[in-house]
Amino acid sequence: MKQFSCSLFIFLLAASLLGGCTSEKKQLHTFALGDSTFVLDGKPFQIISGEMHYPRVPREAWRARMKMAKAMGLNTIGTYVFWNLHEPNKDQYDFTGNNDVAEFVRIAQQEGLWVVLRPSPYVCAEWEFGGYPYWLQNEKGLEVRSKEKQYLKEYREYINEVGKQLAPLQINHGGNILMVQVENEYGSYGSDKEYLKINEQMFREAGFDGILSTCDPVPALEGGHLPGLLPGVNGIDNPKQVKELVNKYNKGKGPYFVAEWYPAWFDWWGTPHHTVPAKDYVNRLDSALKGGISINMYMFHGGTTRGFMNGANFKDTTPYEPQISSYDYDAPLDEAGNATDKFMQFREVIKKNLPAGQQIPDVPAAKPSVAIPAIKMQKQVSVFNIVGTPKESKTPLTFEDMNQAYGYVLYRTTIKGGSKSLLKIKDLRDYGVIFINGKKAGTLDRRLNQDSLQINLPAGDVTLDILVENMGRINFGPYLLKNKKGITEAVLLDKKPVYNWKMFQLPFDKAGAEKISGNQPVTDQPVLMSAEFEISKPQDTYLDMRKWGKGVVWVNGHNLGRYWSIGPQQTIYVPAEWLKQGKNEVVVFELIKPGQTELTSLAKPILNELK
């Protein structure tokens with residue numbers, strides 16, 4: 001292999017055959033970094049990868065999505081690993097169910113796919129807090145992405161747990177993980193090489209003893225690369241530019257890897273759906289592949305950011321921008337896992353750039369989708385009637401003060417009435433609905449920089465309720481370290497602080513259907529409602545939320561994500577894998593538009609309608 005001058009990391013492997021081979025004989029693999037290309041089994045190897053995140057796809061559908069990746073011509077899957085999924089509370093780890101990332105990697109191997117693993121604590125990824133667990137903010141003095149001792153302690157404990165799950169699946173241990181990425185676009189945040197070196201050391205100690213890499217956009221390569229690790233570059237595809245940049249930061253040699261190639265983009269509430277025409281990218285993909293560039297397509301398949309796990313962007317020059325639940329991303333594979341025109345065009349480009357004689361599978365048929373019969377909501381209850389026992393404090397407590405990660409908190413106090421007053425909430429995070437004696441008085445929206453509301457207070461003692469929604473912690477930008485939720489400072493009435501609060505926690509970590517006992521309509525308060533419906537044959541469908549207001553939907557206990565009438569997302573994807581033949585259950589929490597009695601559906605999504 002003299003012609004490749006393999007100067008770094010050559011690993012010998014006894015591994016199970018990729019691609020479903022039934023032979024018991026084990027195949028030896030070598031994988032290395034050559035001067036210009038990756039080298040697999042002594043031959044040049046071009047990584048053609050697509051990003052796909054295990055929590056954004058039902059576990060039951062992982063294999064089907066892998067088959068689609070193969071059918072587009074991909075040979076590799078890229079994925080992040082999400083700290084806040086795997087350690088939702090301090091020292092409580094979860095690698096089960098949809099969080100079983102090791103099984104996700106094993107299924108990729110069974111389907112003939114390699115993996116580029118990105119397990120650093122910070123992922124960005126339009127994900128809540130960029131992947132960090134909320135409770136880090138309760139550790140006094142802790143500073144993420146730094147050498148601060150408490151952060152490094154928590155980081156080390158976490159990455160060791162990740163290593164137990166995934167280090168044995170590296171190619172040099174018999175698995176299919178080719179490379180492991182250290183940190184994530186760190187150069188956009190800092191440039192401390194000692195910090196990056198500590199990252200590398202912790203990865204090695206956790207068992208990641210194969211090829212390590214970094215990734216950064218072009219302006220951040222200087223700060224984000226670490227000598228000795230392969231520098232991946234994000235966001236470009238011109239072969240000459242890629243090679244010049246990698247050579248600059250890798251001692252004049254390759255291989256050349258675009259760690260994030262963007263043929264698409266994400267959406268946030270209140271702005272148009274982003275689309276990127278395939279025709280604008282097919283020639284760029286072709287030239288990159290012909291130029292010997294390895295790529296990881298971000299995203300190949302976005303899926304859905306279910307539950308409360310969406311993130312948000314925020315910086316001084318733009319408002320707070322919480323992302324929508326659909327992570328369709330205008331990706332080659334749509335939210336439901338079906339091939340798009342972009343998929344087919346990219347497939348043709350990849351096919352003509354494969355080595356002679358190499359074939360790719362036929363494209364599986366699209367999944368059937370239907371509009372199911374309208375569902376009549378059968379039970380409902382005001383959320384005010386199920387709030388439970390409060391915490392009490394002179395001043396409002398944040399979500400973090402109450403050890404609550406996500407969802408909602410109802411803040412309640414009693415004030416003197418008989419006036420028209422100005423209510424101000426200092427640093428509301430993120431959306432508040434205000435009630436006077438149980439009647440809705442208005443809303444405040446952080447996106448719109450709203451913090452004040454004129455309210456009419458009847459005579460006597462008045463109950464003031466403020467229902468606050470955490471709409472997603474910032475995942476990118478300078479305010480990553482300022483991410484507490486709820487009423488984070490004070491409530492003022494005519495410029496005077498309001499004291500003596502009760503906080504009712506509504507995390508909605510479960511649907512709470514058992515709490516819904518009434519059948520009388522709720523007309524002026526947030527409402528939790530449920531219904532049962534029959535399905536003869538489970539198929540994909542899309543709940544049509546255009547007549548609703550703002551809230552969350554669960555089907556058979558699965559939190560499918562948020563809806564909000566402002567758009568652009570107007571439907572919620574219901575995967576067939578989570579429906580059952582026979583009886584099913586749907587639960588809806590409606591925040592601002594009670595009185596809905598019917599839930600309808602469509603056979604296609606609506607992701608591009610603003611109101």
Q) residue 122 versus (1) among the aromatic types (Phe, Trp, Tyr); (2) over 14 Å from the mean Cα position of the chain (by Cα); (3) assigned to a loop (DSSP other than H, G, I, E, B): which is the lone unmet condition? A) (2)
(Q) Given (1) of a type outside the set (S, T, N, Q); (2) surrounded by fewer than 18 Cβ atoms within 10 Å (Cβ to Cβ); (3) touching a helix residue (DSSP H, G or I) at 6+ places or on another chain (Cβ under 8 Å), identify the lone condition not met by residue 278. (A) (2)
Q.
Given the criterion over 30 Å from residue 265 (Cβ atoms), assigned to a helix (DSSP H, G or I) and open to solvent by 30 Å² or more (accessible area, probe 1.4 Å), identify the matching residue among 153, 147.
A. 153
Q) Among 117, 85, which is outside any loop (DSSP other than H, G, I, E, B) and open to solvent by less than 10 Å² (accessible area, probe 1.4 Å)? A) 117
Q. Among (1) open to solvent by less than 10 Å² (accessible area, probe 1.4 Å); (2) not in a loop (DSSP other than H, G, I, E, B); (3) not β-branched (Val, Ile, Thr), where does residue 183 come up short?
A. (2)
(Q) Can you find a residue that is crowded, with 20+ Cβ neighbours inside 10 Å and either on the phi > 0 side of the Ramachandran plot or of a type in the set (Gly, Ala, Ser) (or both) anywhere in segment 50-61? (A) yes
Q. Being modelled with pLDDT under 95, open to solvent by less than 10 Å² (accessible area, probe 1.4 Å) and in a loop (DSSP other than H, G, I, E, B), is that true of even one residue in segment 565-577?
A. no
Q: Hey, can you tell me all the residues within segment 391-438 that are of a type in the set (D, E, K, R), in contact (Cβ under 8 Å) with a residue 60 or more places away in the chain and loosely packed, with under 14 Cβ neighbours inside 10 Å?
A: 392, 394
Q: Consider residue 65 carefully, then state whether it is basic (Lys, Arg) and open to solvent by less than 10 Å² (accessible area, probe 1.4 Å).
A: yes
(Q) Can you pull out every residue in segment 125-144 that is assigned to a loop (DSSP other than H, G, I, E, B), open to solvent by less than 10 Å² (accessible area, probe 1.4 Å) and on the phi > 0 side of the Ramachandran plot? (A) 125
Q) Being open to solvent by less than 10 Å² (accessible area, probe 1.4 Å), under 30 Å from residue 469 (Cα atoms) and outside any loop (DSSP other than H, G, I, E, B), is that true of even one residue in segment 303-310? A) yes
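The values are calculated or read from the model by the stated rules, or taken from the named source; none is laboratory data. Just so it is clear, the model here is predicted, and its values are computed rather than measured. Positions of Cβ are backbone-derived with ideal geometry, glycine not excepted, and every protein chain shown enters the neighbour counts. Just so you know, the surface numbers come from the protein's heavy atoms only, side chains and all, with ligands and any DNA or RNA stripped out. Shrake-Rupley method; radii C 1.70, N 1.55, O 1.52, S 1.80 Å.
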